[in-house]
Amino acid sequence: MQLYLIRHAETVHNVGKVLAGTTDSALTSHGMAQINCLAQHFVSTSTKFTTAFSSDLSRARITAEGVCHAQVSAGETPLQPILTQMLREKDYGSMEGRFWKDSPPSPRPRDWVIPESKESMRKRAKAFFHEHLLPLLMRDPHSRQNIAVVAHGIILQELSTYLFEIFDSADTNMTTLHRRPVWSNTGYMTIQITPNPTERTVLPTVMTGFAFVVLGIDDKKHLTNLHRTRGGVGTAAHDVKQRKIDQFFR
């Protein structure tokens, strides 16, 4: 299994440096261009996904759909991402919509909702692995599966950290890995999980019998030649009716 942990494209809240965990933030025009670059990158490298999972929030769903739709040949039906709330971003509670650097008001209002805890996010990441990824892995461990998981920065951190914990560290390539990896918009981490016949006496919570190798962290080479449109167009919310400049010259 080759696992691709992908962060969604740029949103208006990303540009505005505003917290938008469960808020359904709109993609920018630059974000839509990022999706196109990512999708074409996977096509050019012959990376065709057999299964795709996505957060149900639109910024992740549209990113996942863009990648899947670019991979179809004539007459084929596009792969449909499996949407799940388990992959949603951290719920910032009453801090939703506030600037990143803002502190909670003091005293806090009675109806103040505290942000989602790390434990809650880890529980969601764990549930996603056991309900969705593990069955795919165990069904046919030797098959060549490319699995896309499109979500958000913090929940991807929790998911990757959980994977590092449950796979035998002796089978984990940690040479370029740090414990709290970060994701740029449309950046992705590539993880390879393959059967390993070496048997060890380990804790029952560890996934024995598998080799776990991190092939890349926050890979964003697909964005190398992408430049933001000037005049505020690139950072504005994407208008689906907006025509691209090349359309005027056809």
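Screening the candidates Ile62, Ile35 for the property of being modelled with pLDDT of 95 or more, hydrophobic (A, V, I, L, M, F, W, C), in contact with a Leu (Cβ under 9 Å, 6 or more places away or on another chain) and open to solvent by 20 Å² or more (accessible area, probe 1.4 Å) yields one hit, Ile62.
Only a single item in (1) assigned to a loop (DSSP other than H, G, I, E, B); (2) of a type outside the set (Asp, Glu); (3) at pLDDT below 85 is not met by Ala170, and it is number (1). For segment 175-189, residues that are out of contact with any Phe, Trp or Tyr (no Cβ under 6 Å at 6 or more places or on another chain) and modelled with pLDDT of 80 or more total 8. Taking the criterion of being in contact (Cβ under 8 Å) with a residue 40 or more places away in the chain, assigned to a helix (DSSP H, G or I) and surrounded by 16 or more Cβ atoms within 10 Å (Cβ to Cβ), the residues of segment 109-129 that qualify are Arg122, Phe128.
Regarding Ser143, is this residue modelled with pLDDT under 90 and not hydrophobic (A, V, I, L, M, F, W, C)?
yes
Of all residues in segment 196-218, at least one satisfies being open to solvent by 50 Å² or more (accessible area, probe 1.4 Å), within 21 Å of Thr51 (Cα to Cα) and at pLDDT 85 or above. Of the residues contained in segment 30-53, none is found to be within 25 Å of Lys123 (Cβ to Cβ), in contact with a Gly (Cβ under 9 Å, 6 or more places away or on another chain), touching a residue at least 12 places away in the same chain (Cβ under 8 Å) and of a type outside the set (A, V, I, L, M). May I ask you to list pairs of residues, at least six apart or on different chains, whose Cβ atoms are under 6 Å apart, with the first in segment 13-28 being farther than 18 Å from Ile154 by Cβ and the second being surrounded by fewer than 20 Cβ atoms within 10 Å (Cβ to Cβ) and of a type in the set (Gly, Ala, Ser)? The qualifying pairs are Ala26/Ala237. Within segment 70-108, restricting attention to residues that are among the basic types (Lys, Arg) and open to solvent by 60 Å² or more (accessible area, probe 1.4 Å), the residue that is nearest to the chain's Cα centre (by Cα) is Arg88.
Could you tell me which residue of segment 1-19 is farthest from His227 (Cα to Cα), considering only residues that are open to solvent by 20 Å² or more (accessible area, probe 1.4 Å) and of a type in the set (A, V, I, L, M)? Result: Leu19. Those residues that are over 19 Å from Thr84 (Cα atoms) and either in a loop (DSSP other than H, G, I, E, B) or open to solvent by less than 50 Å² (accessible area, probe 1.4 Å) (or both), I need them from segment 130-141; list them, please. Once the filter is applied, which keeps residues that are over 19 Å from Thr84 (Cα atoms) and either in a loop (DSSP other than H, G, I, E, B) or open to solvent by less than 50 Å² (accessible area, probe 1.4 Å) (or both), segment 130-141 yields Asp140, Pro141.
The values are calculated or read from the model by the stated rules, or taken from the named source; none is laboratory data. Keep in mind it's a predicted model, so treat the numbers as computed, not measured. Using ideal geometry, Cβ is built from the backbone for each residue, glycine included, and neighbour counts are taken over all protein chains shown. Ligands, DNA and RNA are stripped out before the accessible areas are found, and what is left, the full protein with its side chains, is counted by its heavy atoms. Shrake-Rupley method; radii C 1.70, N 1.55, O 1.52, S 1.80 Å.
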